[in-house]
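Here the structure comes first, spelled out in C-alpha coordinates, and everything after it is commentary.
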Ligand code: ATP
Ligand code: MG
Ligand code: FE
(Lines give C-alpha, C1' and ligand atoms only; values in the text may rest on other atoms or scores of the structure.)
(Ligands and ions follow the chains in the order given, each with its own letter.)
Protein backbone atom coordinates (compact mmCIF):
# COMPACT_ATOMS: atom_id res chain seq x y z
CA UNK A 1 0.00 0.00 0.00
CA UNK A 2 1.12 3.62 -0.56
CA UNK A 3 3.44 5.50 1.79
CA UNK A 4 3.21 9.13 2.90
CA UNK A 5 6.58 10.92 3.13
CA UNK A 6 7.24 14.11 5.12
CA UNK A 7 10.33 16.35 4.88
CA UNK A 8 11.08 19.26 7.23
CA UNK A 9 14.78 18.99 8.09
CA UNK A 10 15.88 22.35 6.68
CA UNK A 11 14.01 25.03 4.76
CA UNK A 12 11.76 22.95 2.49
CA UNK A 13 8.38 21.84 3.79
CA UNK A 14 7.35 18.83 1.70
CA UNK A 15 4.86 15.99 1.55
CA UNK A 16 4.55 13.19 -1.01
CA UNK A 17 2.62 9.99 -1.53
CA UNK A 18 4.23 7.09 -3.40
CA UNK A 19 2.78 3.77 -4.50
CA UNK A 20 4.76 0.73 -3.30
CA UNK A 21 6.28 0.41 -6.78
CA UNK A 22 7.63 3.96 -6.51
CA UNK A 23 5.00 5.65 -8.69
CA UNK A 24 4.55 9.25 -7.49
CA UNK A 25 0.88 9.79 -6.58
CA UNK A 26 1.37 13.27 -5.09
CA UNK A 27 4.34 15.56 -4.65
CA UNK A 28 4.26 18.96 -2.91
CA UNK A 29 7.09 21.28 -1.84
CA UNK A 30 6.86 24.67 -0.15
CA UNK A 31 10.12 26.56 -0.11
CA UNK A 32 10.69 29.01 2.73
CA UNK A 33 13.23 31.03 0.70
CA UNK A 34 11.29 34.29 1.03
CA UNK A 35 11.03 33.96 4.79
CA UNK A 36 14.79 33.52 5.22
CA UNK A 37 16.13 35.69 2.39
CA UNK A 38 16.28 38.96 4.35
CA UNK A 39 18.46 37.22 6.96
CA UNK A 40 20.82 35.84 4.30
CA UNK A 41 20.45 32.25 5.46
CA UNK A 42 18.15 29.74 7.13
CA UNK A 43 16.99 30.88 10.58
CA UNK A 44 16.18 27.69 12.56
CA UNK A 45 13.40 29.19 14.68
CA UNK A 46 11.63 30.67 11.66
CA UNK A 47 12.03 27.38 9.79
CA UNK A 48 10.49 25.34 12.63
CA UNK A 49 7.50 27.67 12.93
CA UNK A 50 6.94 27.64 9.17
CA UNK A 51 7.02 23.82 9.11
CA UNK A 52 4.50 23.79 11.96
CA UNK A 53 2.22 26.19 10.12
CA UNK A 54 2.36 24.43 6.75
CA UNK A 55 3.22 20.74 7.03
CA UNK A 56 -0.12 19.39 8.36
CA UNK A 57 -2.08 21.13 5.60
CA UNK A 58 0.45 20.03 3.00
CA UNK A 59 0.13 16.40 4.12
CA UNK A 60 -3.67 16.57 3.81
CA UNK A 61 -3.37 18.13 0.34
CA UNK A 62 -0.95 15.42 -0.79
CA UNK A 63 -3.38 12.74 0.39
CA UNK A 64 -6.28 14.48 -1.40
CA UNK A 65 -4.23 14.72 -4.62
CA UNK A 66 -3.42 11.02 -4.35
CA UNK A 67 -7.13 10.34 -3.84
CA UNK A 68 -6.44 8.47 -0.60
CA UNK A 69 -7.43 8.56 3.05
CA UNK A 70 -4.82 7.97 5.78
CA UNK A 71 -6.37 4.54 6.43
CA UNK A 72 -5.39 3.50 2.87
CA UNK A 73 -1.67 3.94 3.64
CA UNK A 74 0.85 1.19 4.28
CA UNK A 75 3.07 3.45 6.35
CA UNK A 76 4.24 6.97 7.17
CA UNK A 77 7.87 8.03 6.68
CA UNK A 78 9.23 11.28 8.12
CA UNK A 79 12.73 12.72 8.03
CA UNK A 80 14.04 12.29 11.59
CA UNK A 81 17.59 13.54 11.12
CA UNK A 82 20.08 14.93 10.45
CA UNK A 83 18.95 18.53 10.29
CA UNK A 84 17.56 21.44 12.29
CA UNK A 85 15.99 19.96 15.39
CA UNK A 86 12.88 22.16 15.46
CA UNK A 87 11.80 21.16 11.96
CA UNK A 88 12.68 17.51 12.56
CA UNK A 89 10.46 17.44 15.66
CA UNK A 90 7.57 18.96 13.69
CA UNK A 91 7.78 16.39 10.86
CA UNK A 92 8.49 13.35 13.01
CA UNK A 93 5.71 14.22 15.46
CA UNK A 94 3.18 14.75 12.69
CA UNK A 95 4.20 11.47 11.07
CA UNK A 96 3.97 9.59 14.34
CA UNK A 97 0.57 11.14 15.07
CA UNK A 98 -0.83 9.99 11.73
CA UNK A 99 0.71 6.54 12.15
CA UNK A 100 -0.65 6.14 15.70
CA UNK A 101 -4.12 7.35 14.80
CA UNK A 102 -4.43 4.89 11.93
CA UNK A 103 -2.40 1.95 13.23
CA UNK A 104 0.28 2.33 10.53
CA UNK A 105 4.01 1.58 10.67
CA UNK A 106 6.16 4.69 11.15
CA UNK A 107 9.58 4.97 9.53
CA UNK A 108 12.14 7.40 11.02
CA UNK A 109 14.01 8.31 7.82
CA UNK A 110 17.61 9.46 7.69
CA UNK A 111 17.70 12.46 5.31
CA UNK A 112 21.08 11.42 3.88
CA UNK A 113 19.83 7.90 3.20
CA UNK A 114 16.84 9.41 1.41
CA UNK A 115 19.20 11.42 -0.85
CA UNK A 116 21.32 8.28 -1.33
CA UNK A 117 18.43 6.07 -2.46
CA UNK A 118 16.59 8.57 -4.70
CA UNK A 119 18.39 7.35 -7.81
CA UNK A 120 16.81 3.92 -7.25
CA UNK A 121 13.29 5.29 -7.79
CA UNK A 122 11.92 3.01 -10.52
CA UNK A 123 11.65 4.76 -13.87
CA UNK A 124 14.05 7.55 -12.92
CA UNK A 125 17.13 6.09 -14.54
CA UNK A 126 16.91 3.84 -17.57
CA UNK A 127 17.98 0.37 -16.57
CA UNK A 128 18.22 1.43 -12.91
CA UNK A 129 21.37 1.86 -10.84
CA UNK A 130 22.97 -1.18 -9.26
CA UNK A 131 24.77 -1.40 -5.94
CA UNK A 132 27.47 -0.47 -5.28
CA UNK A 133 27.45 3.11 -6.53
CA UNK A 134 29.24 6.28 -5.58
CA UNK A 135 27.08 9.04 -4.10
CA UNK A 136 28.24 12.65 -4.22
CA UNK A 137 26.08 14.62 -1.83
CA UNK A 138 26.59 18.26 -2.71
CA UNK A 139 24.26 20.61 -0.87
CA UNK A 140 24.25 23.63 1.38
CA UNK A 141 24.66 21.58 4.52
CA UNK A 142 26.48 18.47 3.29
CA UNK A 143 29.48 17.62 1.15
CA UNK A 144 30.35 13.94 1.13
CA UNK A 145 31.51 11.04 -1.01
CA UNK A 146 29.63 7.93 0.05
CA UNK A 147 29.92 4.31 -1.06
CA UNK A 148 26.35 3.02 -1.31
CA UNK A 149 26.59 -0.76 -1.06
CA UNK A 150 22.99 -1.62 -0.22
CA UNK A 151 19.99 -0.25 1.63
CA UNK A 152 21.42 0.72 5.02
CA UNK A 153 24.98 -0.08 3.92
CA UNK A 154 26.97 3.10 3.52
CA UNK A 155 30.64 3.98 3.88
CA UNK A 156 31.62 7.61 3.99
CA UNK A 157 34.74 7.90 1.86
CA UNK A 158 35.31 11.60 2.32
CA UNK A 159 33.75 14.76 3.65
CA UNK A 160 34.46 18.47 3.88
CA UNK A 161 37.05 19.74 6.32
CA UNK A 162 35.29 23.12 6.54
CA UNK A 163 32.44 24.48 4.39
CA UNK A 164 29.97 22.47 2.34
CA UNK A 165 30.15 23.21 -1.39
CA UNK A 166 26.71 24.88 -1.46
CA UNK A 167 27.80 27.04 1.46
CA UNK A 168 30.89 28.04 -0.55
CA UNK A 169 28.65 29.03 -3.47
CA UNK A 170 26.43 31.04 -1.13
CA UNK A 171 29.31 32.82 0.63
CA UNK A 172 31.15 33.65 -2.59
CA UNK A 173 27.92 34.82 -4.18
CA UNK A 174 27.39 37.14 -1.25
CA UNK A 175 30.90 38.59 -1.74
CA UNK A 176 29.93 39.23 -5.36
CA UNK A 177 26.83 41.10 -4.24
CA UNK A 178 24.33 38.42 -5.19
CA UNK A 179 21.20 37.67 -3.15
CA UNK A 180 20.87 34.48 -1.05
CA UNK A 181 20.79 31.63 -1.93
CA UNK A 182 23.64 32.51 -4.21
CA UNK A 183 24.29 29.26 -6.10
CA UNK A 184 21.82 29.72 -8.95
CA UNK A 185 22.56 33.48 -9.24
CA UNK A 186 26.31 32.84 -9.33
CA UNK A 187 25.89 30.27 -12.08
CA UNK A 188 23.91 32.79 -14.15
CA UNK A 189 26.52 35.51 -13.59
CA UNK A 190 29.34 33.10 -14.51
CA UNK A 191 27.79 32.47 -17.94
CA UNK A 192 29.08 35.80 -19.25
CA UNK A 193 32.41 35.58 -17.41
CA UNK A 194 35.92 34.58 -18.45
CA UNK A 195 37.15 31.86 -16.08
CA UNK A 196 40.79 32.46 -17.06
CA UNK A 197 41.14 36.12 -16.03
CA UNK A 198 41.56 35.38 -12.31
CA UNK A 199 43.60 32.51 -10.93
CA UNK A 200 41.77 30.85 -8.06
CA UNK A 201 43.10 27.75 -6.26
CA UNK A 202 41.19 24.50 -6.88
CA UNK A 203 41.31 23.20 -3.31
CA UNK A 204 42.74 19.76 -2.42
CA UNK A 205 43.51 18.91 -6.04
CA UNK A 206 46.25 16.31 -6.32
CA UNK A 207 46.01 15.20 -2.70
CA UNK A 208 45.13 11.61 -1.87
CA UNK A 209 41.66 10.71 -0.64
CA UNK A 210 38.41 12.49 -1.33
CA UNK A 211 37.96 15.03 1.44
CA UNK A 212 36.91 18.52 0.43
CA UNK A 213 37.85 22.01 1.58
CA UNK A 214 36.30 25.25 0.40
CA UNK A 215 37.10 27.94 2.94
CA UNK A 216 40.41 28.84 1.26
CA UNK A 217 38.68 29.32 -2.06
CA UNK A 218 36.15 31.63 -0.45
CA UNK A 219 39.01 33.62 1.12
CA UNK A 220 40.68 33.90 -2.30
CA UNK A 221 37.45 35.29 -3.75
CA UNK A 222 37.27 37.77 -0.86
CA UNK A 223 40.82 38.95 -1.54
CA UNK A 224 40.14 39.50 -5.24
CA UNK A 225 36.94 41.37 -4.38
CA UNK A 226 38.85 43.60 -1.95
CA UNK A 227 41.44 44.35 -4.65
CA UNK A 228 39.01 44.91 -7.52
CA UNK A 229 36.26 46.84 -5.74
CA UNK A 230 36.11 50.60 -6.15
CA UNK A 231 35.93 53.03 -3.26
CA UNK A 232 32.17 52.59 -3.01
CA UNK A 233 32.69 48.81 -2.69
CA UNK A 234 31.22 47.95 -6.08
CA UNK A 235 32.90 46.14 -8.97
CA UNK A 236 32.57 46.39 -12.71
CA UNK A 237 29.97 43.96 -14.02
CA UNK A 238 32.56 42.17 -16.15
CA UNK A 239 34.89 41.74 -13.17
CA UNK A 240 32.08 40.20 -11.12
CA UNK A 241 31.23 37.82 -13.95
CA UNK A 242 34.90 36.85 -14.43
CA UNK A 243 35.28 36.15 -10.70
CA UNK A 244 32.07 34.11 -10.66
CA UNK A 245 33.31 32.08 -13.63
CA UNK A 246 36.71 31.52 -12.01
CA UNK A 247 35.10 30.41 -8.76
CA UNK A 248 32.76 28.01 -10.50
CA UNK A 249 35.58 26.55 -12.59
CA UNK A 250 37.72 26.03 -9.46
CA UNK A 251 34.86 24.27 -7.70
CA UNK A 252 34.17 22.03 -10.71
CA UNK A 253 37.88 21.14 -10.95
CA UNK A 254 38.06 20.37 -7.22
CA UNK A 255 34.89 18.25 -7.25
CA UNK A 256 36.09 16.34 -10.31
CA UNK A 257 39.46 15.58 -8.68
CA UNK A 258 37.82 14.38 -5.45
CA UNK A 259 35.22 12.33 -7.34
CA UNK A 260 37.93 10.62 -9.41
CA UNK A 261 39.73 9.54 -6.22
CA UNK A 262 36.47 8.38 -4.65
CA UNK A 263 35.62 6.34 -7.73
CA UNK A 264 39.05 4.71 -7.57
CA UNK A 265 38.23 3.71 -3.97
CA UNK A 266 35.09 1.91 -5.19
CA UNK A 267 36.20 0.14 -8.38
CA UNK A 268 33.05 -1.98 -8.58
CA UNK A 269 30.85 1.10 -8.98
CA UNK A 270 29.19 1.54 -12.36
CA UNK A 271 27.26 4.62 -11.33
CA UNK A 272 28.13 8.03 -9.91
CA UNK A 273 25.00 9.53 -8.39
CA UNK A 274 24.76 13.24 -7.56
CA UNK A 275 22.37 14.74 -5.03
CA UNK A 276 21.91 18.11 -3.35
CA UNK A 277 21.23 21.55 -4.76
CA UNK A 278 24.73 21.97 -6.25
CA UNK A 279 23.94 19.04 -8.56
CA UNK A 280 21.81 21.59 -10.45
CA UNK A 281 24.98 23.36 -11.59
CA UNK A 282 25.80 22.74 -15.24
CA UNK A 283 29.58 23.15 -14.95
CA UNK A 284 29.64 20.75 -12.00
CA UNK A 285 27.55 18.19 -13.86
CA UNK A 286 29.76 18.35 -16.94
CA UNK A 287 32.94 17.91 -14.89
CA UNK A 288 31.51 14.96 -12.98
CA UNK A 289 30.16 13.31 -16.12
CA UNK A 290 33.67 13.35 -17.58
CA UNK A 291 35.11 11.79 -14.40
CA UNK A 292 32.48 9.05 -14.41
CA UNK A 293 33.16 8.26 -18.04
CA UNK A 294 36.93 8.06 -17.50
CA UNK A 295 36.27 5.69 -14.57
CA UNK A 296 34.10 3.37 -16.65
CA UNK A 297 30.94 4.53 -14.89
CA UNK A 298 28.07 6.81 -15.81
CA UNK A 299 26.83 9.94 -14.12
CA UNK A 300 23.33 9.55 -12.73
CA UNK A 301 21.77 12.95 -12.13
CA UNK A 302 18.15 12.84 -10.98
CA UNK A 303 15.97 15.79 -12.02
CA UNK A 304 16.83 18.85 -9.96
CA UNK A 305 13.54 18.79 -8.03
CA UNK A 306 14.56 15.36 -6.68
CA UNK A 307 18.18 16.45 -6.01
CA UNK A 308 17.13 19.24 -3.65
CA UNK A 309 15.16 18.56 -0.49
CA UNK A 310 11.83 16.87 -1.22
CA UNK A 311 9.43 14.34 0.28
CA UNK A 312 9.42 11.91 -2.64
CA UNK A 313 12.84 10.68 -1.56
CA UNK A 314 11.64 10.32 2.04
CA UNK A 315 8.62 8.23 1.06
CA UNK A 316 10.87 6.12 -1.20
CA UNK A 317 13.39 5.50 1.61
CA UNK A 318 10.41 4.46 3.76
CA UNK A 319 9.23 2.03 1.08
CA UNK A 320 12.72 0.51 0.73
CA UNK A 321 13.02 0.04 4.52
CA UNK A 322 9.50 -1.35 4.98
CA UNK A 323 10.01 -3.80 2.11
CA UNK A 324 13.20 -5.17 3.70
CA UNK A 325 11.80 -5.20 7.22
CA UNK A 326 14.32 -2.53 8.20
CA UNK A 327 11.90 -0.01 9.69
CA UNK A 328 12.30 -1.49 13.17
CA UNK A 329 9.59 -2.70 15.56
CA UNK A 330 6.66 -0.22 15.94
CA UNK A 331 7.53 0.83 19.50
CA UNK A 332 11.13 1.48 18.57
CA UNK A 333 10.16 3.53 15.49
CA UNK A 334 7.59 5.56 17.42
CA UNK A 335 10.10 6.12 20.22
CA UNK A 336 12.83 7.34 17.84
CA UNK A 337 13.99 10.78 18.95
CA UNK A 338 14.86 13.08 16.02
CA UNK A 339 18.62 13.47 15.68
CA UNK A 340 20.32 16.72 14.61
CA UNK A 341 23.38 14.57 13.80
CA UNK A 342 22.87 11.14 12.33
CA UNK A 343 25.83 9.83 10.30
CA UNK A 344 25.02 7.41 7.51
CA UNK A 345 27.31 4.70 8.84
CA UNK A 346 25.05 4.35 11.89
CA UNK A 347 22.17 3.01 9.81
CA UNK A 348 20.81 -0.50 10.31
CA UNK A 349 21.06 -2.91 7.40
CA UNK A 350 19.79 -6.40 6.64
P1 LIG B 1 20.64 20.10 3.16
O2 LIG B 1 22.10 20.32 3.01
O3 LIG B 1 20.23 19.85 4.57
O4 LIG B 1 20.10 19.08 2.23
P5 LIG B 1 20.14 22.63 1.79
O6 LIG B 1 18.85 23.39 1.75
O7 LIG B 1 21.35 23.38 2.12
O8 LIG B 1 19.90 21.45 2.81
P9 LIG B 1 19.69 21.94 -0.97
O10 LIG B 1 18.33 22.54 -0.89
O11 LIG B 1 19.82 20.57 -1.52
O12 LIG B 1 20.41 21.91 0.42
O13 LIG B 1 20.65 22.87 -1.81
C14 LIG B 1 20.78 24.25 -1.59
C15 LIG B 1 22.18 24.64 -1.96
O16 LIG B 1 22.44 24.38 -3.34
C17 LIG B 1 22.45 26.12 -1.75
O18 LIG B 1 23.70 26.27 -1.13
C19 LIG B 1 22.43 26.68 -3.16
O20 LIG B 1 23.21 27.83 -3.33
C21 LIG B 1 23.01 25.52 -3.95
N22 LIG B 1 22.61 25.58 -5.36
C23 LIG B 1 21.36 25.51 -5.89
N24 LIG B 1 21.38 25.65 -7.22
C25 LIG B 1 22.68 25.81 -7.58
C26 LIG B 1 23.38 26.02 -8.82
N27 LIG B 1 22.72 26.10 -9.98
N28 LIG B 1 24.72 26.14 -8.78
C29 LIG B 1 25.39 26.06 -7.61
N30 LIG B 1 24.81 25.88 -6.41
C31 LIG B 1 23.48 25.76 -6.39
MG1 MG C 1 17.10 23.56 0.98
FE1 FE D 1 19.11 17.61 1.68
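Out of 114, 119, 62, I need the residue that is touching a strand residue (DSSP E or B) at 6+ places or on another chain (Cβ under 6 Å), closer than 25 Å to residue 252 by Cα and buried (at least 23 other Cβ atoms within 10 Å of the Cβ). Which one?
Details: 114 fails: touching a strand residue (DSSP E or B) at 6+ places or on another chain (Cβ under 6 Å); 62 fails: closer than 25 Å to residue 252 by Cα.
From the options 114, 119, 62, the qualifying one is 119.
How many residues does region 265-318 hold that are touching a strand residue (DSSP E or B) at 6+ places or on another chain (Cβ under 8 Å) and outside any helix (DSSP H, G or I)?
Matching residues across region 265-318 total 21.
Considering only residues that are assigned to a strand (DSSP E or B) and under 11 Å from residue 58 (Cβ atoms), look in region 6-26 and name the one that is farthest from ligand 1 (Cβ to nearest atom).
Here the answer is 26.
Pull up region 301-318, narrow it to residues that are more than 16 Å from ligand 2 (Cβ to nearest atom) and crowded, with 24+ Cβ neighbours inside 10 Å, then point me to the one that is farthest from residue 151 (Cα to Cα).
Per the criteria, the residue is 315.
Quick test for you: out of 128, 141, 209, pick the one residue that is surrounded by fewer than 24 Cβ atoms within 10 Å (Cβ to Cβ), part of a loop (DSSP other than H, G, I, E, B) and within 15 Å of ligand 3 (Cβ to nearest atom).
Residue meeting the stated conditions: 141.
Looking at this structure, is residue 126 more than 12 Å from ligand 1 (Cβ to nearest atom), out of contact with any strand residue (DSSP E or B) (no Cβ under 7 Å at 6 or more places or on another chain) and within 19 Å of residue 10 (Cβ to Cβ)?
In short, no.
Would you point out which residue out of 183, 216, 166 is part of a helix (DSSP H, G or I), surrounded by 13 or more Cβ atoms within 10 Å (Cβ to Cβ) and out of contact with any helix residue (DSSP H, G or I) (no Cβ under 9 Å at 6 or more places or on another chain)?
216 is the lone residue from the list that is part of a helix (DSSP H, G or I), surrounded by 13 or more Cβ atoms within 10 Å (Cβ to Cβ) and out of contact with any helix residue (DSSP H, G or I) (no Cβ under 9 Å at 6 or more places or on another chain).
Looking only at residues in region 27-43 that are more than 16 Å from ligand 3 (Cβ to nearest atom) and not in a strand (DSSP E or B), which one is surrounded by the most Cβ atoms within 10 Å (Cβ to Cβ)?
43
What tally of residues in region 57-70 results from selecting those that are out of contact with any helix residue (DSSP H, G or I) (no Cβ under 8 Å at 6 or more places or on another chain) and in a helix (DSSP H, G or I)?
The total comes to 8.
Looking at this structure, is residue 54 within 16 Å of ligand 3 (Cβ to nearest atom), out of contact with any helix residue (DSSP H, G or I) (no Cβ under 6 Å at 6 or more places or on another chain) and in a helix (DSSP H, G or I)?
No, not satisfied.
Any residue in region 120-132 that's within 18 Å of residue 323 (Cα to Cα): show its pairings with residues that are exposed (fewer than 15 other Cβ atoms within 10 Å of the Cβ) and at pLDDT below 90 at Cβ separation under 9 Å, as long as the two are six or more apart or on different chains.
120/128; 122/128
For residues that are away from ligand 3 (no atom under 16 Å from the Cβ) and part of a helix (DSSP H, G or I), tally how many sit in region 100-120.
Qualifying residue count, region 100-120: 4.
For the subset of region 74-97 comprising residues that are surrounded by fewer than 21 Cβ atoms within 10 Å (Cβ to Cβ) and more than 22 Å from the chain's Cα centre (by Cα), which member is nearest to ligand 2 (Cβ to nearest atom)?
93
The values are calculated or read from the model by the stated rules, or taken from the named source; none is laboratory data. Treat the numbers as computed from the prediction; the structure is a model and nothing was measured. So basically every Cβ, Gly included, is an ideal-geometry build from the backbone, and we count neighbours across all protein chains shown.
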